[in-house]
Amino acid sequence: MSALARWCHRHRLAVVLLWLAALAGLGVLSQTVGSAYKDSFSLPGTESTKALQLLQKSAPAQSGDSATVVWRAPAGGTVRDDAVRRKMTATLATISKLPSVTSVTGPYDGPRGARQISRDGTTAYAQVGFGKQANELAKPDVQRVIDAAEAARGDGLRVELGGNPISQVERTPPGNAELIGVAAAALVLLIAFGSLFAMLLPILTAIAGVGSGLMAVTLLTHVVTVGQIGPTLGALIGLGVGIDYALFIVTRHRAGLKNGLSVEESVVKAIDTSGRAVLFAGGTVVIALLGLFVLGMSFLNGMAIASAVTVVCTVFAAITLLPALLGLLKTRVLSRRERRRLGAEGSGGAARQDVWTRWAGVVERRPRTLSAVALVAIAVLCVPVFSLRLGSSDAGNNPTSTTTRQAYDLLAEGFGPGFNGPLQLIAETHGAADRQAFTRLVGEVSRTRGVAAAVALPARPGATIAMAQVVPTTSPQSEQTSDLIDRLRHDVVPAAERGTSLRVYVGGQTAIFDDFAGVLTGKLPLFLGVIITLGFLLLLIAFRSLLVPAVAAVMNVLSAGASFGVVVAFFQWGWGSEPLGVGAAGPIEAFLPVIMLSILFGLSMDYQVFLVSRMHEEWVHSGDNRRAVTVGQAHTGRVITAAATIMIAVFVAFVFGGQRVIAEFGIGLSAAVALDAFILRTILVPAAMHLFGRANWWLPSWLDRRLPHLSVEPPEERPIEGAVGTPLEPASR
C-alpha cells in the first residue's frame, strides 16, 4: 500500500488526469451503448411459476403480462355516453394494432364486457394483453400504449393506465436525492474539518468513484441482468461508503501533518494505515453483497453486482485518486487556524482532551451500567420485528402523481380493491370430466371467504387448459389476500382435484409476488448464517482473536434486529410512511431483508474494523487491554460518528425520492448506521471489551499457526512479545 500511495502522490497530476480521462471515456461509451436494465426473476418450483409455464406451453398468446386502461366519465355522465364510447372504442382499436399487443378486451365487446363497467356506470376498464412478461417487453412498445391511451384524455374524461408493464416504464420526475445527500454530507464535513478543501476531498472522491461505478454498471447491463433499482441502490450505498472511506483517510492524513510529518510521508502513512482498513472494509462489503448469489435468484444477483461494482470503484478512488488530490493540496487540508497553530507550536502541540476522550473514560469506568442501558434500548427497538411480514407493496403506494397510482385508485373505487390484483386458476384438463370438475371448482371458489368474484374465462377450441379469474375482496398487498392464496392452494383446490386427473395451479402477478416473499423468507436463515460466519472468519483472521469476531457477530445481529424493527414500525405499521408521503401501511418488500443484511454486514464491519484496528494497534505496542480499548475508542470516536452522520444524511435523503422501496432502504440503513455508530461502537463494543479484558486478544496456538495472515495494519507493525495460547497474554501474529 505504501508503494502505491507514494507513486500516486509523486505522479499526482498524472493520476488526476487519468481519472478524468477514465470518467470521460466511460461517460461517452455508456451514452453510446446505452443501458439495458431489466427486472427479471425466476421462482423455479413454485406454484405460480408452474401456472405460468403451463400457460406458455398451452396458450402462449395468453401467457404474457397485461395492462389495464381505466377511464372515468366526465362529471354527470357515464362511460356508456356516445361521446365517451366513440372516443374509447377508437382508442382501444388503435392500441390493439400496436407492436407486442396480442389482445384488447374492452367493456363495449358485447354482454361479457358489461362486467368491466362499474355499477354506477362512471368507471370502465379494458385489459391489454401482451405477448411477453413485462420484463421482456420492449419499453418503446409499452410507451406507445401509454401514449395512445393518454391521447384520449380531455373534456373531463380521465384515462389512466395500470399493470406491471406500465410500472416498468412509468416516467417519474428525476429525483434529487443524491444532491441533497451530498449537500448534507458537505455541511457535516465542513463542521468537522473547518476547511473547505478538506470538506471537498471526500465529496469529490466519492463522486468520482460512484460516477465511474454507475457508468460501468450501465455497460454491464448488456452482459448480466440488472434491475432498474440497481443504479439507485448502487448510488445510495456508493455515496455513503465512498464519502466515509475518504473521510477516514483524510482524517489520518491531517493527524500526520499535525504530528510534523511531511506531506508525502503523511499521505503514505494515511494510506498504509487507514487505506488498508478501507481496502479491508470495502472488501467485506463487496463479499457480503456477492453473498446474495447463494440465494440463487437472478433478481438479487443484479442488485448485488450493481452495488458491488460501485463499492469497488469508490475504494479504488479512495486509494489512488485521493492521495493524488492530497498531494496537490499539500497542507491546505488543514484550516488556517490549524496551520497557524502548527507553525507556532510545532508538531504535536499541547494535548487536549476532547469529548470522545472523556467519554471513553466514562465507558471504561462504568461498562456494566452502560451496557445494560444500551441493551434495553436495542431490545425495545427489536420488538416490532416479531411482526415482520414480507410481501410486495402494490400500486396504491406509488406517488399520487403517477398514472399507475391513479388507475389503482379508480379501479378500487369502481370495482373494489381486489380488482388491482386478480388471481388466476390455471388447470390442465384431460377431458370433459376434468372440465366439469373445473367448473365446479370455480363455483366453489366464488363462495370462498375473501373472494369477491370468480369467473371462468372462455377456452379456445382444442385447448388443453382451463382458466378462471379470481378477484379477492382485499388489495394485492393485504395480508388477507395472502391468506386467501394459501386457503385456495391448501384447502379449496385439493378438494376439487380429489378423484380426478385435474391439476389446478393458483397463479397471476399477485401470487407470483406472494411466492417470491415465501421463497426469500425460507432462505433468510441460510443467508443470515452465511454472512455471520463469513464476518466471524474475516475478523478472526484479521485480528487473531476469538472474542473480537464473536462480539462483532452478536452486535451485527442486534443492529439488524433493531433496524428491521424501525422499518416495520415505519412502513408496515404506517407510523412514518404516510406522513412522509411514501405510501400507506403495507408489507415490507420481500427482497429488502437480504439486501439490507448484506449491506449492514459490510457497514458494521467497516466501523468494527476502524475501531478495533486502532485498539489492536495500541494493544500490540503496550499489551494493556484497558489502555488499548480506551485509546482506540478515544481516537476513533469522533471520526466514526462523523462518518455515521454523513452516511445517515445520505441515506435519509433518498427517503424523499417518492419510491417506497428506496424509502424503506433509506430509513432502514440510516437507522442501522445510527444504532451501530452511536450505541454499538460507542457503548456496547468498548464496554464488552473492557469486561473481557486481555481475553479479547486470545487465540489458541494451534489455530494461530493454521490461519492465514491478513493484516489490517502496516507490515512494519509488530505485536509485543509474549506467549500465545492463554487469555492472560496477548496473542502473537
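The values are calculated or read from the model by the stated rules, or taken from the named source; none is laboratory data. The structure displayed is predicted, hence computed values, not measured ones. Note that each Cβ is placed from the backbone with ideal geometry, even for glycine, and that neighbours are counted across all protein chains shown. Side chains are part of the model used for accessible areas, which takes the heavy atoms of the whole protein and leaves out ligands, DNA and RNA. Shrake-Rupley method; radii C 1.70, N 1.55, O 1.52, S 1.80 Å.
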Qualifying positions in the range 477-497 - modelled with pLDDT of 90 or more and either assigned to a loop (DSSP other than H, G, I, E, B) or more than 17 Å from R447 (Cα to Cα) (or both): S482
Counted residues, the range 413-424 - those being more than 12 Å from V471 (Cα to Cα) and open to solvent by 30 Å² or more (accessible area, probe 1.4 Å): 1
Residue identified as touching a residue at least 24 places away in the same chain (Cβ under 8 Å) and either in a strand (DSSP E or B) or open to solvent by less than 50 Å² (accessible area, probe 1.4 Å) (or both) among T68, T94: T68
Pairs, first open to solvent by 30 Å² or more (accessible area, probe 1.4 Å) in the range 132-150, second at pLDDT below 90 and hydrophobic (A, V, I, L, M, F, W, C), C-beta under 6 Å, six or more apart: K139/V169; Q143/V169
Residue ranges of helices (runs of 4 or more DSSP H) in the range 604-706 with at least 1 members crowded, with 20+ Cβ neighbours inside 10 Å and touching a strand residue (DSSP E or B) at 6+ places or on another chain (Cβ under 7 Å): 660-675
Residue within the range 147-156 that is in a loop (DSSP other than H, G, I, E, B), in contact with a Gly (Cβ under 8 Å, 6 or more places away or on another chain) and at negative phi present: no
Inter-residue pairs, beta-carbon under 7 Å, first at positive phi and in the range 495-517, second crowded, with 18+ Cβ neighbours inside 10 Å, 6+ apart: G508/P422; G508/L423; G508/Q424
Subset of the range 285-299 (residues that are assigned to a helix (DSSP H, G or I), open to solvent by less than 30 Å² (accessible area, probe 1.4 Å) and touching a Ser or Thr at 6+ places or on another chain (Cβ under 9 Å)): V285, V286, A288, L289, G291, L292, F299
Selection count, the range 209-232, where residues are among the hydrophobic types (A, V, I, L, M, F, W, C) and closer than 18 Å to V28 by Cα: 7
Odd one out for E345, checked against (1) modelled with pLDDT under 90; (2) closer than 24 Å to G450 by Cβ; (3) among the acidic types (D, E): (2)
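Have a look at A569, A552, A542, A562 and point out the one that is among the aliphatic types (A, V, I, L, M) and farther than 30 Å from F692 by Cβ.
Working: A552 fails: farther than 30 Å from F692 by Cβ; A542 fails: farther than 30 Å from F692 by Cβ; A562 fails: farther than 30 Å from F692 by Cβ.
Testing whether each residue is among the aliphatic types (A, V, I, L, M) and farther than 30 Å from F692 by Cβ leaves just A569.
Please go through the range 574-603 and give me each residue that is free of Cβ contacts under 8 Å to residues at least 40 places away in the same chain and part of a helix (DSSP H, G or I), ordered by number. Let's see the steps before the verdict.
Residues of the range 574-603 that are free of Cβ contacts under 8 Å to residues at least 40 places away in the same chain, as a first pass: 574-575, 578-579, 585.
Hits for the range 574-603 are E578, P579.
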First in the range 394-406 and without any contact (Cβ under 8 Å) to a residue 24 or more places away in the chain, second anywhere and of a type outside the set (V, I, T) and part of a loop (DSSP other than H, G, I, E, B), Cβ under 7 Å, 6 or more apart: R405/N398; R405/P399
Leading residue by the ranking (nearest to Q480 (Cα to Cα)) among those in the range 550-564 that are surrounded by 23 or more Cβ atoms within 10 Å (Cβ to Cβ) and of a type outside the set (A, V, I, L, M): F564
Test: T500 is more than 41 Å from the chain's Cα centre (by Cα), β-branched (V, I, T) and not in a helix (DSSP H, G or I): yes
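Conditions (1) open to solvent by 50 Å² or more (accessible area, probe 1.4 Å); (2) part of a helix (DSSP H, G or I); (3) polar (S, T, N, Q), marked per residue:
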residue: L4; (1), (2), (3): yes, yes, no
residue: V15; (1), (2), (3): no, yes, no
residue: L20; (1), (2), (3): yes, yes, no
residue: L29; (1), (2), (3): yes, yes, no
residue: A36; (1), (2), (3): no, no, no
residue: Q56; (1), (2), (3): yes, yes, yes
residue: T78; (1), (2), (3): no, no, yes
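Matching residues to (1) closer than 30 Å to Y245 by Cβ; (2) part of a loop (DSSP other than H, G, I, E, B); (3) small (G, A, S):
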residue	(1), (2), (3)
Y108	no, yes, no
R119	no, yes, no
A124	no, no, yes
P165	no, no, no
M199	yes, no, no
Matching residues, the range 525-545, being open to solvent by less than 40 Å² (accessible area, probe 1.4 Å) and within 19 Å of the chain's Cα centre (by Cα): F527, I531
The range 166-206, subset hydrophobic (A, V, I, L, M, F, W, C) and touching a Gly at 6+ places or on another chain (Cβ under 8 Å), residue modelled with the lowest pLDDT: A177
